[in-house]
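Okay, so here's the structure we're looking at.
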Amino acid sequence: MTARPTPSGRGPGRPSRLSRERIVAAALDGGLDTLTMRDLAARLDVSHSALYRWVRDRDGLFDLVSEVMVARVLPADEPTAGTWRDWLARLAWAMHDEFLAVPGYAARVARPHRHNPASFGLLRERVVTAFERAGVPHDLAVQSWLIFGFGVVNWLGNREGHDFGDDTPRFDIFLDTLLRGLPARPPAPRP
């Protein structure tokens, strides 16, 4: 009699020791600033080659981590004409709390790199929608997303990457100033 494959397509035997969730949890647990794939394999107590079956390289790992981080920070509700500013503030504070909780994540996201198209696209889409609900046309909603996204991510990356001593910038003041200036409006004609 031959063994029947399990629903996952695997034959009988020991269940897989790895999953997306386990990989991301291990990556986030110790921080990302100096994490290597070899370190991650050791955290997971698996071979280096076993990990590479799930994640091809550090960029692939960051893709997985970004999907989890975006899912954590996006508010569950949709922005409306009356709530768009509050919705963006909740998003920005969630980014603040989640990104700074993982050593190396905010600094990594603030540096130029290839973004995960799925998670980055979802974040972009939801923020552009918030600005459109504020009543601005699509092109200005996209510009507002860029200002908001670059502003928040770069503030967080700088906060994580610098010791400001007694002059530590306050996120609440930054965010209030940023949101009062948004959404973008057509600029005045150049003199």
To the nearest 10 degrees, the tilt of helix 84-101 (Cα long axis) against the first principal axis of the alpha carbons of the chain is 50
Low-density loop trypsin sites (Lys or Arg not before Pro), the range 47-141, at most 10 other Cβ within 10 Å, DSSP non-H/G/I/E/B, are R114
Mean separation of Cα contacts under 8 Å (at least 6 apart) over the residue count of the chain, i.e. the relative contact order in percent, is 20
Given a 1.4 Å probe, the accessible area of the chain per residue, as a whole number of Å², is 59
Measuring from the longest principal axis of the C-alpha atoms of the chain, the long axis of helix 117-133 (C-alpha) lies at a number of degrees, nearest 10, equal to 30
Counting only protein heavy atoms with a 1.4 Å probe and every protein chain in place, the carbon and sulfur fraction of the accessible surface of the range 90-186 in whole percent equals 56
The range 25-154, Kirkwood Rh and Cα Rg, ratio Rg/Rh at 1.04
The Cα radius of gyration of the range 77-191, divided by 2.2 N^0.38 Å with N its residue count, comes to 1.11
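The values are calculated or read from the model by the stated rules, or taken from the named source; none is laboratory data. Owing to the predicted nature of the structure, the values given are computational and were not obtained by experimental measurement. Using ideal geometry, Cβ is built from the backbone for each residue, glycine included, and neighbour counts are taken over all protein chains shown. These area figures cover heavy atoms from the full protein model, side chains too; ligands, DNA and RNA do not enter into them. Shrake-Rupley method; radii C 1.70, N 1.55, O 1.52, S 1.80 Å.
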